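Notes for the one structure printed next.
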Amino acid sequence: MALLNLKEILAVAAQHRFAVGAFNAIDSNFIDAVFDAAIEQQSPVIINVAEVHLPYIDIYATSDYIKKKAELSGIPVCLNLDHGLTFKTIETAVACGFSSIMFDGSHLPYEDNIIQTRKVVELCRQHNISVEAELGAVGGDEGGALESTADTALYTDVEQAVEFVKETRIDALAVAIGNTHGKYKGIPKLDITRLQQINQAINIPLVLHGGSGLSVADFHQTIEHGICKINFFTGMSQVALSSIEADITNANLAQKYNYYLIMMENMQKAIKQTVAEQMAIFHSVEKAKLYG
Ligand SMILES: [Zn+2]
């Protein structure tokens, strides 16, 4: 299947009240694991490539690899630049055939966030690429501190969200409602009332970053109130590390000549299982058939 842009993949999710998981690609093990899970679960999927991970990733080769896997998979796939921070990287992602760009201007003053986001939208529209932007600030950051908490002063403001969407004409909005990147310090408490208000006030799909560490009830409540895309990465890297740790201390495995291959295979299986579990929680299992 050809790549879908974010607007296309989320429209079906919004209509049928489920969320599409956006899982980060950092190497072929992660990519293969996500595709295996998506195909097995017949779930639409968003593959995230984060700008902060680009020092470890060849964006040109990786995007070709993902596009080929998408074509062979037969499932709906969207390729998203996660937390695009610079215009230069966004232009590279456009050239690489990404079907969605998340521009993160949340660290900018509000007016600058509007101006920069609008510039990204202008470029992307010419290529049928969707744009996700962020208003308010989700705690922590991709590739940042392991543990973080959300700052209530930085939660997305409802009135501002209405104006921001109108001014920028983005396709999806990432909200800050108590969610945070990395591992949660303590038990996360989401401001569902605020999410409900944002969802009632604007008519585009909403995005939840910092999916790792939230409870099943949290996910279901957010999906009920307009969240159509959920970013998930920390949980994948945690199970990958646990799998490596278990294998590296396994004396029996150390005797085998293909020790490394077995370790990789086990790691992929662990990631795949976690991704499949999230897809079930997000209610995206068996939803591939809803895309024509
Ligand atoms: Zn994020």
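Any read-out appearing in this document is the output of simple, stated calculations on the displayed coordinates, not a laboratory observation. Note that the structure is predicted; figures quoted are calculated from it, not measured. In this analysis, Cβ positions are derived from the backbone assuming ideal geometry, glycine residues included, and neighbour counts consider all displayed protein chains.
One chain, two ends: Asn128 and Tyr56. Fully extended at 0.36 nm per residue, the span grows by 23.1 nm beyond their Cα-Cα distance. For the residues Leu214, Leu72, Leu154, a GNM of the chain with alpha-carbon springs under 10 Å puts the largest fluctuation on Leu72.
When Met1, Met267, Met102, Met279 are sorted by how many other C-beta atoms sit within 10 angstrom of their C-beta, beginning with the fewest, the order is Met1, Met267, Met279, Met102. For the chain, a Kirkwood hydrodynamic radius built from all Cα pairs, placed in the Stokes-Einstein relation at 20 °C and 1.002 mPa s, yields a translational diffusion coefficient of 112 µm²/s.
The value of relative contact order for region 6-290, using C-alpha pairs under 8 Å at least six residues apart, is 23 percent.
Please work out whether region 93-245 counts as rounded, prolate or oblate from its C-alpha gyration tensor, where a ≥ b ≥ c are the square roots of the eigenvalues and a/c under 1.5 means rounded, while otherwise a/b larger than b/c means prolate and anything else oblate? Judged from the Cα gyration tensor, region 93-245 comes out oblate (a/c at least 1.5, b/c at or above a/b). Sort out for me the Cα centre separation of region 82-128 from region 50-72, rounded to whole Å. If we compute the Cα centre of each part, the gap is 18 Å.
Note on Lys119: lysines with a C-alpha under 27 Å away, same-chain residues under 8 apart excluded, are Lys7, Lys67, Lys88, Lys166, Lys229.
With no solvent and one point on each alpha carbon, what is the Debye value of log10 I(q)/I(0) for region 187-292 at q = 0.15 Å⁻¹? These q points yield log10 I(q)/I(0) values of -0.74.
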